[in-house]
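Enquirer: What follows is a structure written as structure tokens; I'll ask about it next.
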Amino acid sequence: MNKQCLSDEILMSVDKPARYIGNEVNSVVKDPKKTDIRFCMCFPDVYEVGMSHLGIQILYDMFNRREDTWCERVYSPWPDMALKLKENKIPLFALESQDPVKDFDFLGITLQYEMCYSNILQVLDLSEIPFHSNERGENCPIVIGGGPCAYNPEPIADFFDLFYIGEGETVYNELLDIYKENRKNGGGRRRFLELAAGVEGIYVPSLYHPEYNDDGTLSAFVADSPAAPAKIKRQVQYDLDNTYYPEKPIVPYIRAIQDRVVLEIQRGCIRGCRFCQAGMVYRPLRERNVDYLKQLAKKMIESTGYEEISLSSLSSSDYSCLPELVNFLIDEFKEKGVNISLPSLRIDAFALDVMSKVQDIKKSSITFAPEAGTQRMRNVINKGLTEENILQGSMDAFKCGWNKVKLYFMLGLPTETEDDVKGIAYLSNEIAKEYYTLPKEQRNGRVEITTSTSFFVPKPFTPFQWAPMAKKETFLANQHLLHETIKEQINARSIKYNWHDPETTVIEALLARGDRKLCRVIEEVYRSGGVFEAWSEFFKLERWDEAMNNSGLSYDFYTTRERKEDELFPWDFIDIGVTKKFLRREYERGLSATVTPNCRVSCSGCGANTEGTCPARQSGI
Amino acid sequence: MLVRVKFSKQGALKFIGHLDTMRYFQKVFSRSGLPLRFSQGFNPHPLMEFASPLGVGITSNGEYVDFELLSNFTETEIAEKISNALSEGIGLLKVSVPDDRVPGKKKISAMSLVDYADYLVYLKRPCSKDERQMLYDAFDSYIRNDKLPIILKAKTTERELDLKESIKAYGRNFAEFSESGKLLPEYASCFTCDIPETESGVYFYLRLSAGSSLNVKPEVFLEDFLEKMNLPFTEADFNRHRIDMYHLDERGLIPLWAVK
């Protein structure tokens, strides 16, 4: 068992000390004297959130397969522990070895959502690593960022030495080999960064500088060194059957948010919803072989003892072997007491049959995500779900015994009118109406419809990256309108409306399409006490207001401003396969509410098919 | 068949609380491949019963969990399968097979059997001869009182208690404790404590009332002792360790693993 870095006294004085002790089942311990590279993977949020993340488990497994590398983990200490660390001058440590993070060769930080950016600085601060890349000495770890937010790394560019753009299975081995070689040759940090810039998919922010027009928009993104390529090519793991996947995922002692085996069945999506970044940056669709998945599922359950297994993908209903896989899981595991957790499936006969086998119909709900209240609006966002689909699906579910329905919508979508907002209420009501057409004997009590709205945030690399976000006043007015309209419906008592506070949305939008000028703002927010801002109990808009003010920047420039067609975006230096031309075409089709069919129906020439592996292409359309 | 497993909890794993320990064992059983009886419903879980929850921060070599197997195995087979599924910090000490039905009585389980538990409360760091003397002298006077009135605080209630009545045996070292807390001869040889004694250590062994009717935790003694004797030490200076748990029947005290 490892020797604990923290004393009993400190551990007993904080909430959930198990967050900091390591020693989890399937965690990897190596002899540091026998390894050449020490890699510390970080999820910048609390342990229970970080341990739910599949990406780190994949990379952890991948790095630890290298004999010369030991990969460990670190998570953001909860504020009570962060205080203890500072008070006692204890530098932040990795869980497995309990050694200080600052002594590692690499600190890899995964960027899953913008609201965790201030936690990046918390981790650097507690690790005693300088915030800025250019302030780090030879003995500092190389700080590398990856994950979906790396598709626009500019707002945090100053804090990272490298970014890894795209899927992590491809070029890390090359990068680590270069690191070792460089060290052997006596090359230092600067030299390593220049060499790293030559690896496809690696972005070295310090080798570029942005130039701005008077209006604040980007005029140029300039490479300062011949080592720095003009475009960074996003990494794609094409073969998902012969690559890394954790057969022995780490099992935390305390309850993580996702407390189950996660089976990633495919990457990419054919639907082309216009608001969705993942749907664009993970193209083309790549499935994992169903027999491989069956074997993986068995191995993972055996090595962990988890009681539940879930399927992960962007649109599981589109996985070509879904019935075979799901039936296998039910037959293999149900008897052993392992439950199957299904993501939101398209509600059809198959889904209902499967759900009735794995869920308690009386307690579970069926879920639809129309995202928009009218067909016109759904066409704008290219979400193919029709009212008929929804009503039919609901009715089928009601006949099987379900009486709970969850509906997800977004407010503030481009071209939204009051009719679209009210449409959410009408649709919710129609579903309730359907329920009550069933004869009383067939009904299971009242129907419970839970309608939730969140706020639309335009993201980079989507057709809507040019779109303005709605103003805060509009969000609030429309929430209010929707609430009132729901109350007016005949079945109002069957409909519950859940809404959100728009404050964090403004910051999410600011950072999503931000530029390098925001680095200063994020730093100031952290220094004024901003941390764990994804948590409502800690978020304070005032810190951001003040920091933005002090930097002379305006929210609206980043959030509510519609972009010009030919505007240079801070993320345009990244090549994601899908072309900007395609995205712009989709934006214009969206504004005119024109539907683009999914990839299996016809190919829209998005540009992602560089290897010829696209499902549409393969089926000869 | 009903199975009772005795296990230890050591090192950093003392920071895992009871609920998390329960969930840990669910996974251990799943990994072991043993066919446990499960609950019904859509989220079935293996039916297990722990003798007594162990607080966060306490180590132990006397924890118990009962479960039911759907088919028969030998004690050796069970021990091997479970050991292979355990991780460092939780150790398998004993596997026993109690009768699961006593004629005329309801099904007996570990939790209902617990009457007493042995604890060791000991100083974390080595101390000087003077400190040692002070602590042991204080303990002698403290324990000589006829009554030790305290207030036992539960989540929502408080109750007045005479702590002295709840201390069935005590000792300032293991030998003394074995003598004062005599177990029936057939169990005496299995009476051990995982924590080695050193010359500069201070050790308080206690046998306290435990179980569903009256559960006295070692912290209760420690807090009261330090306060009443006005000692320049705090609770944080001591570690706590549970040694074993017992059922009291007509013959005397029986460790849970031996209850048939």
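The values are calculated or read from the model by the stated rules, or taken from the named source; none is laboratory data. This is a predicted model, so every value here is computed, not measured. A quick note on method: Cβ atoms are made from the backbone with ideal geometry, for glycine too, and the neighbour counts reach across all protein chains shown.
Enquirer: Scanning region A:225-242 for residues that are assigned to a loop (DSSP other than H, G, I, E, B) and under 21 Å from the mean Cα position of the chain (by Cα), which turns out nearest to the other protein chains (Cβ to nearest Cβ)?
Expert: Going through the qualifying residues, I end up with A:L240.
Enquirer: Here is a follow-up. Restricting attention to region A:517-559, which residues are part of a helix (DSSP H, G or I) and among the basic types (K, R)?
Expert: Within region A:517-559, A:R520, A:R527, A:R543 meet the criteria.
Enquirer: Would it be correct to say that A:V29 is within 13 Å of chain B (Cβ to nearest Cβ), surrounded by 17 or more Cβ atoms within 10 Å (Cβ to Cβ), more than 27 Å from the chain's Cα centre (by Cα) and assigned to a loop (DSSP other than H, G, I, E, B)?
Expert: no
Enquirer: If I ask for residues that are in contact with a strand residue (DSSP E or B) (Cβ under 6 Å, 6 or more places away or on another chain) and not in a loop (DSSP other than H, G, I, E, B), which ones from region A:256-292 would you list?
Expert: Scanning region A:256-292 gives A:V261, A:V262, A:L263, A:E264, A:Q266, A:R267, A:R286, A:E287.
Enquirer: If you don't mind, another one. Look through region B:237-257, keep the residues that are surrounded by fewer than 19 Cβ atoms within 10 Å (Cβ to Cβ) and in contact (Cβ under 8 Å) with a residue 60 or more places away in the chain, and return whichever of them is farthest from B:S141 (Cα to Cα).
Expert: B:R251
Enquirer: Sticking with this one: With the condition kept exactly as written, say whether any residue in region A:60-71 is within 20 Å of A:Q122 (Cα to Cα) and surrounded by fewer than 23 Cβ atoms within 10 Å (Cβ to Cβ).
Expert: No - not one qualifying residue is present in region A:60-71.
Enquirer: Can I ask one more? What number of residues within region B:153-198 satisfy the criterion of being among the hydrophobic types (A, V, I, L, M, F, W, C), in a strand (DSSP E or B) and within 19 Å of the chain's Cα centre (by Cα)?
Expert: Final tally of qualifying residues: 2.
Enquirer: Next question, about the same structure. May I ask you to list the residues in region A:377-414 that are assigned to a strand (DSSP E or B) and over 24 Å from the mean Cα position of the chain (by Cα)?
Expert: A:K404, A:V405
Enquirer: Considering only residues that are touching a residue at least 40 places away in the same chain (Cβ under 8 Å) and of a type in the set (A, V, I, L, M), which ones fall in region A:60-99?
Expert: A:M62, A:V74, A:M81, A:A82, A:L85, A:I90, A:A94, A:L95
Enquirer: Could you grab the pairs with beta carbons closer than 9 Å, sequence gap of 6+ or different chains, first residue in region A:535-551 and touching a residue at least 40 places away in the same chain (Cβ under 8 Å) and under 17 Å from A:D501 (Cα atoms), second one part of a helix (DSSP H, G or I) and of a type in the set (A, V, I, L, M, F, W, C)?
Expert: A:F539/A:M115; A:F539/A:I507
Enquirer: Another question, if that's okay. For region B:119-152, how many residues are assigned to a strand (DSSP E or B) and within 23 Å of the chain's Cα centre (by Cα)?
Expert: 8
Enquirer: Being surrounded by 15 or more Cβ atoms within 10 Å (Cβ to Cβ), more than 14 Å from A:L510 (Cα to Cα), at pLDDT 95 or above and hydroxyl-bearing (S, T, Y) is true for just one of A:Y558, A:Y526. Which residue is that?
Expert: A:Y526
Enquirer: Could you check A:L11 against (1) within 14 Å of chain B (Cβ to nearest Cβ); (2) under 24 Å from the mean Cα position of the chain (by Cα) and say which number it fails?
Expert: With (1) within 14 Å of chain B (Cβ to nearest Cβ); (2) under 24 Å from the mean Cα position of the chain (by Cα) applied to A:L11, the lone miss is (2).
Enquirer: Being surrounded by fewer than 17 Cβ atoms within 10 Å (Cβ to Cβ) and of a type in the set (S, T, Y) narrows it down to one residue among A:Y292, A:Y282; which is it?
Expert: A:Y292
Enquirer: Criterion first (away from chain B (no Cβ under 11 Å) and small (G, A, S)) does A:S316 satisfy it?
Expert: Considered against the rule, which asks whether it is away from chain B (no Cβ under 11 Å) and small (G, A, S), A:S316 comes out as yes.
Enquirer: Being within 9 Å of chain A (Cβ to nearest Cβ) and outside any loop (DSSP other than H, G, I, E, B) is the filter here, so list the residues in region B:36-55 that pass it.
Expert: B:L36, B:F38, B:P46
Enquirer: So which residues in region B:202-243 are touching a Lys or Arg at 6+ places or on another chain (Cβ under 8 Å) and part of a strand (DSSP E or B)?
Expert: B:Y203, B:F204, B:Y205, B:R207, B:L208, B:S209, B:F238, B:N239
Enquirer: Could you please give the count of residues in region A:355-376 that are assigned to a loop (DSSP other than H, G, I, E, B) and either over 14 Å from A:M410 (Cα atoms) or over 27 Å from the mean Cα position of the chain (by Cα) (or both)?
Expert: Looking only at that region, the number is 8.
Enquirer: Do you know which residues across region A:339-354 are of a type in the set (S, T, Y) and assigned to a loop (DSSP other than H, G, I, E, B)?
Expert: A:S344
Enquirer: Which count do you get for residues in region A:590-616 that are over 24 Å from the mean Cα position of the chain (by Cα), part of a loop (DSSP other than H, G, I, E, B) and of a type in the set (A, V, I, L, M)?
Expert: Within region A:590-616, residues that are over 24 Å from the mean Cα position of the chain (by Cα), part of a loop (DSSP other than H, G, I, E, B) and of a type in the set (A, V, I, L, M) number 3.
Enquirer: Looking only at region A:482-516, which residues are touching a strand residue (DSSP E or B) at 6+ places or on another chain (Cβ under 9 Å), touching a residue at least 60 places away in the same chain (Cβ under 8 Å) and part of a loop (DSSP other than H, G, I, E, B)?
Expert: Within region A:482-516, A:Q489, A:N491, A:D515, A:R516 meet the criteria.
Enquirer: So in region A:561-594, with the set limited to residues that are of a type in the set (A, V, I, L, M) and buried (at least 19 other Cβ atoms within 10 Å of the Cβ), which one is nearest to A:A467 (Cα to Cα)?
Expert: So the residue we want is A:L583.
Enquirer: Could you check region B:1-35 and list, in sequence order, the residues that are more than 8 Å from every other protein chain (Cβ to nearest Cβ), surrounded by 18 or more Cβ atoms within 10 Å (Cβ to Cβ) and touching a Pro at 6+ places or on another chain (Cβ under 6 Å)?
Expert: B:L2, B:R4
Enquirer: What are the residues in region A:32-51 that are in contact with a Cys (Cβ under 7 Å, 6 or more places away or on another chain) and either closer than 20 Å to A:T69 by Cβ or within 11 Å of another protein chain (Cβ to nearest Cβ) (or both), if any?
Expert: Correct list: A:F39, A:M41.
Enquirer: Just to check your reading of the model, which residue among B:L92, B:L113, B:L86, B:L120 is over 29 Å from B:L222 (Cβ atoms), out of contact with any Ser or Thr (no Cβ under 7 Å at 6 or more places or on another chain) and either at pLDDT 85 or above or not small (G, A, S) (or both)?
Expert: Matching residue, one of B:L92, B:L113, B:L86, B:L120: B:L86.
Enquirer: Criterion first (polar (S, T, N, Q) and surrounded by fewer than 19 Cβ atoms within 10 Å (Cβ to Cβ)) does A:S315 satisfy it?
Expert: Considered against the rule, which asks whether it is polar (S, T, N, Q) and surrounded by fewer than 19 Cβ atoms within 10 Å (Cβ to Cβ), A:S315 comes out as no.
Enquirer: Which residue, of A:G22, A:G55, is under 26 Å from the mean Cα position of the chain (by Cα) and within 14 Å of chain B (Cβ to nearest Cβ)?
Expert: Going through A:G22, A:G55 in turn, the sole match is A:G22.
Enquirer: Give region A:58-76 a look and list any residue that's under 24 Å from A:Y117 (Cβ atoms) and more than 21 Å from the chain's Cα centre (by Cα), or say none.
Expert: A:C71, A:E72
Enquirer: Among the numbered conditions (1) farther than 29 Å from A:W571 by Cα; (2) modelled with pLDDT of 95 or more; (3) within 28 Å of the chain's Cα centre (by Cα); (4) not β-branched (V, I, T), tell me where A:K517 comes up short.
Expert: (1)
Enquirer: Another one. Which is more than 13 Å from chain B (Cβ to nearest Cβ) and part of a helix (DSSP H, G or I), of A:E332, A:E302?
Expert: On inspection, the qualifying residue turns out to be A:E332.
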